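Every number here is computed from the coordinates shown, using simple stated rules; none is lab data. Quick caveat: nothing in here was measured; it's all calculated off a predicted structure. When we count neighbours, we look across all protein chains shown, and the Cβ atoms used for this are built from the backbone with ideal geometry, even at glycine.
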Amino acid sequence: MSLKFEIQPAANPTSEKERTARLADPGFGRVFTDHMAIVRYDQAKGWHDARVESRANFQLDPAVAVLHYAQEIFEGLKAYKRDNGVNLFRPDANARRFRNSAERMAMAPLPEAIFIEAVEQLVRIDSAWIPGGEGSLYLRPFMIASEVFLGVKPSAEYIFAVIASPVGSYFKGGPAPVSIWVSENYTRAAVGGTGAVKCGGNYAASLRAQAEAIEHGCDQVVFLDAVERRYVEELGGMNVFFVFDDGSLSTPPLGTILPGITRDSIIALAKDSGTVVREEPYTIDQWRADATSGKLKEAFACGTAAVISPIGKVRSASGDFSISGGVAGPVAMGLRKKLVDIQYGRATDPHDWVRKVL
Ligand SMILES: *Cc1c(COP(=O)(O)O)cnc(C)c1O
């Protein structure tokens, strides 16, 4: 199923001079483009009223369901400037994950074709906002429950929208290794919970643990499993990989973790080059022992925003350890380059991941 989008360009778009100034050093998530895509759902009409229009405030009744019961899901993907056009990276995978998230949160599933069309239309109309070099346009599709009703039940109405934010290279001068704090007081996800879907509630629940990481001088938090509190799961918003001295990789199995598209892409690229990749549980004690013995060569986190971040140091209530001397390792950096080169259209794309929108 697809919909025809009504395109209504902004009456007063940002001037070229102002846009250039904002693109000079956009940082992450504070600069936005001129437009947004929006589609509405209700039970009578289904998905309808698809438009691309000037980015503006939403008018919401204070009783809409999302404000009370947090029925909200989102996605994150990027548009990359090529020599003579613009690429999206695996938007079909984001569309599929978004539909899975909707199903878990008892929301109206959005047809994947509408998700992709909304993203592409927004990229086209705001293509002047895509930074050059190692920058990109971060796209944020999301859906909120918009029925005006305080009863506890799945909303009968939804708003799906896509906004876009130009971002600079996440790391200036190459990725610096991050330090991570092992959360022993908080968990992220339990079996049967919402750990595998991209809902805002998971993030709300992770912020206290992230604040604890900062209090302990770390950049990020890493969560352990909720049952035994031993198995490494993932960071607040990134999956994690381990690199061993025999050249193999391992990463925690799917289930309670978020099925990252970067994670999936790294597994495929590593396997392409003959690397053994295991999706298997790994305990924090084993991580410490392997880092100490030298069996573990590297560890890194991965996700759309930062691509790959080497993990240099792990800190917990029971002591600290460092990995590969706290510097970025060659395996993490090699995989990062491979992936980024495909995203920007500088390397061949053996899995047909890139979708040209312009
Ligand atoms: C979005 C997200 C990731 C990374 O997913 P990508 O598709 O690679 O961007 C990892 N963990 C969590 C909790 C996330 O929300």
The range 51-131: C-alpha gyration tensor shape, a/c 1.5 cut-off, then a/b vs b/c: oblate
Separation in nanometres of the label points that stand 7 Å from Cα toward Cβ, at Arg82 and Ser54: 3.4
Residues Thr14, Thr20 arranged by fewest to most Cβ contacts within 10 Å: Thr20, Thr14
Relative contact order of the chain, defined on C-alpha pairs under 8 angstrom at six or more residues apart (%): 18
Cα-based equivalent ellipsoid of the range 6-167: semi-axis lengths in Å, sorted from largest, via gyration tensor: 29, 17, 14
Computed E for Lys4/Asp352 - FRET, C-beta separation, R0 22 angstrom, nearest 0.05: 0.25
Extension gain from Val276 to Asn185, taking 0.36 nm per residue of separation minus the Cα-Cα distance: 29.4 nm
C-alpha center-to-center spacing [the range 105-144, the range 212-240] in angstrom: 29
Cα-based Kirkwood hydrodynamic radius, the chain, one decimal, Å: 21.4
Cα-based radius of gyration of the range 242-358 once divided by 2.2 N^0.38 Å, which approximates compact folds: 1.12
GluC sites (Glu not before Pro) lying in DSSP loop within the range 178-219, provided at most 16 other Cβ fall within 10 Å: Glu184
In the range 113-181, the GluC sites (Glu not before Pro) that fall in loop regions by DSSP, at most 13 other Cβ within 10 Å: none
Where trypsin sites (Lys or Arg not before Pro) in DSSP loops with at most 11 other Cβ within 10 Å are excluded, longest remaining stretch of the chain: 173-358
Loop chymotrypsin sites (Phe, Trp or Tyr not before Pro), the range 49-96, which have at most 16 other Cβ atoms in a 10 Å radius of their Cβ (DSSP): Phe58
